[in-house]
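A short worksheet on the structure shown next.
Readers should treat all values here as calculations from the given coordinates under stated rules, not as data from a laboratory. Just so it is clear, the structure is predicted and the values come from calculations on it, not from any experiment. FYI the Cβ positions are ideal-geometry reconstructions off the backbone, even for glycines, and counts take in every protein chain you see.
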Amino acid sequence: MAITNMLTGFSRLSLNTIRQSVVRGISTTNNDGPLCFRATNILFGEPLKKKKRIDPAIIRHRVERKRRKLEKQIRRLEKMTQQLRPIEEMEIPIKLIDEKATRIRPSIKLSEDVLEERALLQKKWTQYKQRQHIKDMQIIENMLSSQSKALNELRNESEELYQAAVQVDTLSLLPHCSNEPAAIVDTPPIKGYSSPDGNYTNITMKFEGERIFE
């Protein structure tokens, strides 16, 4: 009999525990339908931590120290206003500066015969280019003279033919034929193409003091 009473007590205790742990629900349908709204158990908040009281003099000292640091950085930047920002591609590597003595080639001293020979070759080359230029100019002058003479004779024969002859022939100057559509259309998309996400890495160098302007 005592064992039966104990089992009854345990069963009642377990039922009470289950009844207390059931999640409270709010439903807009009958008992057979799904629960559309649910409310979780009440969660008790933790009490706020007690704030430490800081001496106003310490706070004032921190603000003053931060302000002096910013002023020092601003003064340093003002001194560097005329200094250009260095370009890495134009800087000489330190290794080459150290190897400067071994990389310098010794100057070659030419003899007088070699210098005289080079001077004569330079004179001959200059004379050749001068004769070539004079010959080209004479050819151009003869062509222009013949063209002007032919146009004058054509004008004496017919003014209409002369006006047609002096017109600029744009078709022969730039021959171009294209069968492209009248309106420019966009390229159709590729089916099943997955556009890759590009990766961007900022490698811009920052000098000391620039972070205050971010």
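For Tyr162, Tyr193, Tyr200, Tyr128, the sequence from fewest to most other C-beta atoms within 10 Å is Tyr200, Tyr193, Tyr128, Tyr162.
Farthest towards the positive end of the charge dipole of the stretch 112-164, among the residues Ser145, Leu121, Tyr162, is the Cα of Leu121, using unit charges on the Cβ of Lys, Arg, Asp and Glu.
Just report the Cα centroid separation between the stretch 125-143 and the stretch 61-121, whole Å. With the stretch 125-143 and the stretch 61-121 each reduced to a Cα centre, they are spaced 47 Å. The distance between label points at Gln130 and Asp186 comes to 6.7 nm (points 7 Å beyond Cα on the Cα→Cβ vector). With R₀ fixed at 35 Å, the C-beta to C-beta distance from Arg53 to Ile74 puts the FRET efficiency at about 0.55. Applying a threshold of 26 Å to the alpha-carbon distances of Lys129/Lys149; Lys79/Lys206; Lys66/Lys206; Lys69/Lys206; Lys72/Lys206 flags Lys129/Lys149 as lying beyond it. Using only alpha-carbon positions in the stretch 112-164, the gyration tensor eigenvalues give semi-axes of 49, 6, 4 Å once each is multiplied by 5 and square-rooted (largest first).
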